[in-house]
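The values are calculated or read from the model by the stated rules, or taken from the named source; none is laboratory data. Keep in mind the model is a prediction, meaning the values are calculated, not measured. Every residue, glycine as well, gets a Cβ built from its backbone with ideal geometry; the counts of neighbours run over all protein chains shown. Just the protein is used for accessible areas: all its heavy atoms, side chains included, with ligands, DNA and RNA removed. Shrake-Rupley method; radii C 1.70, N 1.55, O 1.52, S 1.80 Å.
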Amino acid sequence: MPRDTLRAFISYSVKDKSAGVRVKTALAEYGIKSFLAHDDVRVSEEWKDRILEELNRCDVFVPLLSEDFCRSDWTDQETGIVFRRTDVVIIPLSIDGTMPYGFISHVQGKKIPRDGEWDAVLKEPLLKRFPRILIPHLIHRVENAYSFRNAEAVVKPLVDVFSSFTRKEANQFALAAVKNNQVWSASLCSRQYIPAFIKLHRHNIREATLRALRYQIKQNKWFRG
């Protein structure tokens, strides 16, 4: 059975817990369930076994680099365990300018962003490795866009991967846009994002959906045909 969810392990110093919570929240926006050892290991559990279990089954590993991270014996061990696996996406995020070192010195690190700017550091590595899992989830965010600004924010991460949409994904996105007036009325969506999408997928979209989508972005009103 194909997977439809991803799991992440966030490695961090206990002193950087607030940053770990921010990353966990950001990953949840992509439908990714994250493990934070100090939050998610119950006292009654054999916590070392649980941590090893999570390290061995995670799809994404996010070390939160800082001076405190470097001083922690546990974070270095967690990084070393994950490094042995070739099927994990490693996304180092720096809290205080600390760069990737040791086992992950070859991986490009990025500065942990302010809230609302996570797409810049998460989108590229996640979509590159897990497009068939991430794209449907991002399309679901389009379905639930609740304002013009939110619509532009949730469509923007998809623009660079429009060309990799399957026929099914193209129709799912087109239908999501047609049904949500916050999407087709949003300025950037109607003038840039959706026209670019149509140009790429006009032959893949169902005729009725395409007709409605074109009408709505051009006339800025519901299609009643």
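Quick notes on this one:
- Filter result for ASP59 (more than 17 Å from ALA19 (Cα to Cα) and surrounded by 13 or more Cβ atoms within 10 Å (Cβ to Cβ)): yes
- Filter result for PHE103 (open to solvent by 80 Å² or more (accessible area, probe 1.4 Å) and under 21 Å from LEU55 (Cβ atoms)): yes
- Among the residues of the stretch 135-151, the ones that are over 20 Å from PRO125 (Cβ atoms) and open to solvent by 40 Å² or more (accessible area, probe 1.4 Å) come to 6 in all.
- Candidates are the residues of the stretch 95-117 that are within 14 Å of ALA19 (Cα to Cα) and of a type in the set (A, V, I, L, M); the one that is modelled with the lowest pLDDT is ILE112.
Each row is one residue, and each column tells you yes or no for (1) under 22 Å from the mean Cα position of the chain (by Cα); (2) within 29 Å of HIS137 (Cα to Cα).
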| site | (1), (2) |
| --- | --- |
| SER11 | yes, yes |
| SER18 | yes, yes |
| HIS38 | no, yes |
| GLU46 | no, no |
| ILE90 | yes, yes |
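- Entry remark, the stretch 168-225: residues being hydroxyl-bearing (Ser, Thr, Tyr) and either in contact with a Gly (Cβ under 8 Å, 6 or more places away or on another chain) or open to solvent by 50 Å² or more (accessible area, probe 1.4 Å) (or both) number 2 in total.
- Residues satisfying the criterion are absent from the stretch 25-33 (criterion: of a type in the set (S, T, N, Q), modelled with pLDDT of 90 or more and open to solvent by less than 50 Å² (accessible area, probe 1.4 Å)).
- The single condition among (1) within 23 Å of the chain's Cα centre (by Cα); (2) farther than 18 Å from TYR30 by Cα; (3) not aromatic (Phe, Trp, Tyr) that ILE205 does not meet is (1).
- Checking each residue in the stretch 106-132 for being surrounded by fewer than 20 Cβ atoms within 10 Å (Cβ to Cβ) and touching a strand residue (DSSP E or B) at 6+ places or on another chain (Cβ under 7 Å) picks out VAL107, LYS110, LYS111, PRO125, ARG129, PHE130.
- Among the residues making up the stretch 86-115, those that are under 25 Å from SER66 (Cβ atoms) and free of Cβ contacts under 8 Å to residues at least 12 places away in the same chain are SER105, HIS106, PRO113, ARG114.
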